[in-house]
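A single structure is presented below for examination.
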Amino acid sequence: MLDEKQIEEIKAHLDRAQNPLFFFDNDNDGLTSFLLLRRYIGRGKGVVIRSFPDLNISYYRKVVELRPDYIFILDKPIVSEDFIEKAKRDNLPVVWIDHHQVEKPLNDYINYYNPINTDGNNEPVSYISYNITKRKEDLWLALIGNISDSFMPDFYSEFEKNYPELGKKNPNSAFDLLYNSEIGRIARILDFSLKDSLTNVVNMTKFMISVKGPMDVLEENPKTKQILKRFNEINYRYQILMEKARAQSEGKVIYFQYGGNLSLSASLANQLLYEYPGKIIVVVYISGDVANLSLRGGNDIRTLTLEAISGIEGATGGGHKNATGAKMSVSDLPKFKEKIEELVKKEIA
Ligand SMILES: [Mn+2]
């Protein structure tokens, strides 16, 4: 976790920012981090980052368009050097809060906060954000971000006391809550609503900035209609993919490949890991010539991922010790699959 001094520094940045622009990662940890900070200071705009693996230079157009006096970047492991250079030239302070393990060095210009560099732990950015804002009425949002990133926060008992009907008694893990409780259902609704069109994501974000409590997300009304509709559509497709993936779960490595116009890899990989603990999960989404992968399982999936892509030209990958992503050309997939099998075998021996 960040230390007291770092938390105070971030608070001071937020206080100084009159018109901040928040860039956040395209998942529940990124979304709820933004919501926690935005609801705390009551001003600023948010932009979801859909470029992978970095926040790329094309997003600087939002800075030009919205003319912020501060840039906050949440839950994104890489920011393009051009983006930072432009911010520096425009004299815009950049505050970057992340929890991914990344290779140094970073540009000195950035105010960079990462718990890994403080005490070695990697609590989600939503956990850090909650510890900055400490707004009790937003505890449920923080919990959604945390369990979506497979993290069980120390404030769960407080949540359960306030919302006994949404939680679960003595959950085994964060994912136990994600898949087997009402707050988990709300988390899954938000996760899929991030996969809607940009216009609908903007509307969802606006709704979430002023939402009173978790029950408001579940209630069907004009404001939640599109969110719930999108959830039902995607969940239908998602359940079919889960069934297909379960059907190929015999080996130590569950390798599941699919296509279509929607990537659900991170969600699929998380649920497969929950249902098949001890296995190595590789979920591959194919879009044209490009394969996007989500990997889970084992003691250190990060090392395994990096080793498996090391011989493949143009492949990128990284993330956490327990969850990674990778990207490569479709033609390199057989080689990658073989390498994974080989590495996993070696580890067993
Ligand atoms: Mn994230």
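The values are calculated or read from the model by the stated rules, or taken from the named source; none is laboratory data. Computed from a predicted model, the values in this text were never measured in an experiment. We place every Cβ from the backbone using ideal geometry, glycine too, and count neighbours over all the protein chains shown. Just the protein is used for accessible areas: all its heavy atoms, side chains included, with ligands, DNA and RNA removed. Shrake-Rupley method; radii C 1.70, N 1.55, O 1.52, S 1.80 Å.
What are the pairs with Cβ atoms under 7 angstrom where one residue, in region 118-133, is assigned to a loop (DSSP other than H, G, I, E, B) and the other, located anywhere, is within 12 Å of the ligand (Cβ to nearest atom) and open to solvent by less than 20 Å² (accessible area, probe 1.4 Å)? Sequence gap at least six, or different chains.
Close Cβ pairs satisfying both conditions: ASN122/HIS99; GLU123/HIS99; PRO124/ASP29; PRO124/HIS99; PRO124/GLY145; PRO124/ASN146.
Tell me yes or no: at least one residue of region 18-38 is away from the ligand (no atom under 16 Å from the Cβ), out of contact with any His (no Cβ under 9 Å at 6 or more places or on another chain), modelled with pLDDT of 95 or more and assigned to a strand (DSSP E or B). If you could, list the steps in order and put the result at the bottom.
Residues of region 18-38 away from the ligand (no atom under 16 Å from the Cβ): 18-21, 38.
Within this subset, residues satisfying the condition of being out of contact with any His (no Cβ under 9 Å at 6 or more places or on another chain) are 18-19, 21, 38.
Next cut, modelled with pLDDT of 95 or more only: 18-19, 21, 38.
Subset that is assigned to a strand (DSSP E or B): 21.
Yes, the conditions are met somewhere in region 18-38.
Output the residue which, of all residues in region 141-166 that are assigned to a loop (DSSP other than H, G, I, E, B) and open to solvent by 20 Å² or more (accessible area, probe 1.4 Å), is nearest to the ligand (Cβ to nearest atom). Lay out the reasoning, then the answer.
Step one: filter region 141-166 for residues assigned to a loop (DSSP other than H, G, I, E, B), giving 149-155, 163-166.
Pick out the ones that are also open to solvent by 20 Å² or more (accessible area, probe 1.4 Å) and you get 149-152, 154, 163-165.
Details: ASP149: 7, SER150: 11, PHE151: 11, MET152: 17, ASP154: 20, TYR163: 24, PRO164: 29, GLU165: 28 Å.
Only one residue fits best here, namely ASP149.
Here is a follow-up. Quick one: count up the residues across region 101-140 that are within 16 Å of the ligand (Cβ to nearest atom), in contact with a Leu (Cβ under 9 Å, 6 or more places away or on another chain) and of a type in the set (A, V, I, L, M, F, W, C).
Residues in region 101-140 being within 16 Å of the ligand (Cβ to nearest atom), in contact with a Leu (Cβ under 9 Å, 6 or more places away or on another chain) and of a type in the set (A, V, I, L, M, F, W, C): 2 in total.
Across region 44-79, what is the number of residues that are part of a loop (DSSP other than H, G, I, E, B) and under 21 Å from ILE116 (Cβ atoms)? I'd like the intermediate steps shown before the answer.
First, pick out the residues of region 44-79 that are part of a loop (DSSP other than H, G, I, E, B): 44, 50-53, 56, 67-69, 75-77.
Pick out the ones that are also under 21 Å from ILE116 (Cβ atoms) and you get 52-53, 75-77.
Here the count works out to 5.
Quick grid of which residues meet (1) open to solvent by less than 10 Å² (accessible area, probe 1.4 Å); (2) farther than 19 Å from LYS134 by Cα; (3) away from the ligand (no atom under 16 Å from the Cβ); (4) not small (Gly, Ala, Ser):
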position	(1), (2), (3), (4)
ILE41	no, no, yes, yes
LYS45	no, yes, yes, yes
ARG50	no, yes, no, yes
PRO53	no, yes, no, yes
PRO77	no, yes, no, yes
